[in-house]
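Engineer: Attaching a single structure in structure tokens format; questions to follow.
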Amino acid sequence: SPGAHLWVPGETEQCQAACGVARMWATLFWSLQFAGALSCVYLHYRRELGLAIFCTANKIVVGAVLLKAYCDGVIYWPIGLGGPICEWLLAAAFIRELRR
């Protein structure tokens with residue numbers, strides 16, 4: 001994509017462009033993130049325990065995976081450091097919702 005060089009090294013961009021499996025995993029990742037966002041809205045209004053636990057676990061894992069990818073040089077800091085902070089803040093918010 002035109003802006004990929006801002007987020008990932010050239011090797012990562014070329015790898016994903018050339019590999020259908022990498023594109024599939026990227027699509028699955030972003031689809032899960034979108035589904036998680038919809039779950040957040042639903043959770044805000046319904047306060048379902050199981051969904052809150054799932055969303056919390058999802059955010060913790062995604063944050064850890066993003067941080068690992070940054071440490072391995074697969075992605076740059078805006079996603080590799082900003083992403084985990086955002087994900088873990090959302091996880092904390094879900095945990096807070098569980099306490100209500």
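What follows draws every value from the coordinates through simple rules; no lab data is involved. Keep in mind it's a predicted model, so treat the numbers as computed, not measured. Every residue, glycine among them, receives a Cβ derived from its backbone with ideal geometry; neighbour counts consider all protein chains shown.
Engineer: Could you state the principal axis extents of the C-alpha atoms in the chain, from the largest down, to the nearest angstrom?
Structural biologist: 46, 24, 19
Engineer: Something else now. Given only helices, namely DSSP H runs of n ≥ 4 each adding -39500 (n - 2.57), what is the per-residue ellipticity at 222 nm of the chain, to the nearest 500 deg cm²/dmol?
Structural biologist: Helix-only estimate at 222 nm: -27000 deg cm²/dmol.
Engineer: So what are the ³J(HN,Hα) numbers for segment 83-100, from phi and the Karplus equation (6.51, -1.76, 1.60; θ = phi - 60°), rounded to whole Hz, Gly and Pro as x?
Structural biologist: My calculation for segment 83-100 gives x, x, 4, 4, 4, 6, 5, 5, 4, 4, 5, 5, 4, 4, 5, 5, 7, 6 Hz in order.
Engineer: How much net charge surrounds L43 when only the other residues with a Cβ under 15 Å from the Cβ of L43 are counted, with Lys and Arg +1 and Asp and Glu -1?
Structural biologist: Overall, the nearby charge balance is +4.
Engineer: Taking the Cα centre as origin and putting +1 on Lys and Arg beta-carbons and -1 on Asp and Glu beta-carbons, what dipole magnitude results for the chain, to the nearest 20 debye?
Structural biologist: With Lys and Arg at +1 and Asp and Glu at -1, about 500 debye.
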